[in-house]
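The values are calculated or read from the model by the stated rules, or taken from the named source; none is laboratory data. As the structure is a prediction and not an experimental result, all values here were calculated from the model. Side chains included, ligands, DNA and RNA excluded: accessible areas come from the protein's heavy atoms. Shrake-Rupley method; radii C 1.70, N 1.55, O 1.52, S 1.80 Å.
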Amino acid sequence: MAKKTKIDKEDSVDFMSDLLDGLDLTDKEQEFVLRYLQSYNATQAAMQVYKYDKYKGAVMGNRLRNKPKIKSAIKKLKKVQ
């Protein structure tokens, strides 16, 4: 039986960030993707990254999540998780 190794959260985020580097995303879009994948809450991710209030975070989070290049990045990283 293979020995399981413990991967801490920082290593996981670093690995995911490395995968995102090849995509055409801004730094904030990359951060949005990483935060979205932690909670699957686009509103919260937008509020944390862009410092939006709750209402604008809801609108912009949805818009960001549905941008084709962000959608693609989320799909790519979901496969790796």
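Applying the Karplus relation 6.51 cos²θ - 1.76 cosθ + 1.60 with θ = phi - 60° to segment 65-81 yields 3J(HN,Hα) values of 4, 9, 5, x, 6, 6, 4, 5, 5, 4, 4, 4, 6, 4, 5, 7, 4 Hz, where x marks Gly and Pro.
The 1.4 Å probe gives accessible areas that order Leu37, Leu19, largest first, as Leu19, Leu37.
Segment 19-34 and segment 50-81 have Cα centres lying 10 Å from one another.
Counting heavy atoms of the protein chains alone, Arg63 has an accessible area of about 150 Å² for a 1.4 Å probe. Scanning residues 5 or more positions from Lys67 or on other chains, none has an amide H under 5 Å from its amide H, with H placed 1.01 Å from N in the peptide plane.
Taken over segment 14-75, the convex hull of the Cα atoms encloses 69 Å³ per residue. In sequence order, segment 49-62 has phi-based couplings of 7, 9, 6, 7, 6, 4, 6, 5, x, 5, 5, 6, x, 5 Hz under the Karplus curve 6.51 cos²θ - 1.76 cosθ + 1.60, θ = phi - 60°, and Gly or Pro positions carry x.
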